[in-house]
Amino acid sequence: MKKTLIFIALQLQVIFAIAQTPLNFDTEILSSGNYIVGVPYEVSSVGATNQIKINCKATGTEAKFGVYADDEGAPGELIFHSNTITLTEDEVMVSLENTVLEPGKYWIMVNYKSNGYHVNANVSDPLSKVYYTQQRFSESFPVSAAEFDLYYGHQFPFSIEVIEKPKSFEMEVYPNPTVDDVHIQANQKEYMVHVYDSQAKKVLSQFCQNYKTELELKTLQKGTYYIVIEGEETFRILKN
């Protein structure tokens, strides 16, 4: 088996809906603790992204995962970060707690606590992008990945499981971006709305009793917010 050394590495086993060309993950990777590293992936359908499946090695190390928005081919703002998990099985499921991602490109990052041969990788494509940064395991994922560094040459396949939402509860949130308020148009009259900032802190809650509701955000600072409706639908809003 071939071996190579990098700061830290991640292998995520993909479940594809259509046939894909098999990749050979035959290169053993020595991953360093206290680094964040990640690779791009693409969501093709709307739904609740409830977990990521990772094929790894049962090394016993602890790990944390984060999902970042794509910013012109590089990781941008943090969308989600997981709780700490322990690699005690060869196949690990990481819950995304029903985070809803719109179709598009994203980045998934991992932070290991200790060094070790936690995964294998495919190194056949020298143009494969990997972003990384030094980060203590005890610290939270950075809100922005703007300062992350780039290297090329590794592929870490992954998959996300998307559960499509039933059409019984439909809604629209606009405008986005917004300066002051947003409007919620739904096909139901009664539902609960919560607003979270980019650090997953709840900043507003409101019980709606009309098909059309105005949500006042004028008192909030500029930035990215997540509007969660009935604990099911999540909308990412940018406040200017």
Task: Criterion violated by ASP180 - all others in (1) under 15 Å from THR99 (Cα atoms); (2) modelled with pLDDT under 90 satisfied - done: (1)
- [ ] May I ask you to list the residues in the range 150-171 that are out of contact with any Pro (no Cβ under 9 Å at 6 or more places or on another chain), modelled with pLDDT of 70 or more and exposed (fewer than 12 other Cβ atoms within 10 Å of the Cβ)?
- [x] LEU150
TODO: Please specify each residue of the range 91-113 satisfying the condition of being of a type in the set (A, V, I, L, M, F, W, C), surrounded by 17 or more Cβ atoms within 10 Å (Cβ to Cβ) and at pLDDT 75 or above.
DONE: VAL92, VAL94, TRP107, ILE108, MET109, VAL110
Open item on the list: Just to be sure before I move on: is TYR174 among the aromatic types (Phe, Trp, Tyr), under 18 Å from the mean Cα position of the chain (by Cα) and under 27 Å from PRO103 (Cβ atoms) in the structure I sent?
Closed with: no
Task: GLY73 being outside the structural domain of THR224 (by the TED database), part of a loop (DSSP other than H, G, I, E, B) and either at pLDDT below 95 or closer than 20 Å to HIS154 by Cβ (or both) - done: yes
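Give the residues of the range 29-60 that are modelled with pLDDT of 85 or more and part of a strand (DSSP E or B), sorted by residue number.
LEU30, SER31, TYR35, ILE36, VAL37, GLY38, VAL39, PRO40, listed by residue number.
The values are calculated or read from the model by the stated rules, or taken from the named source; none is laboratory data. Given the structure is predicted, the values throughout are model-derived calculations rather than measurements. For neighbour counting, all protein chains shown are included, and Cβ atoms are generated from backbone atoms with ideal geometry for every residue, glycine included.
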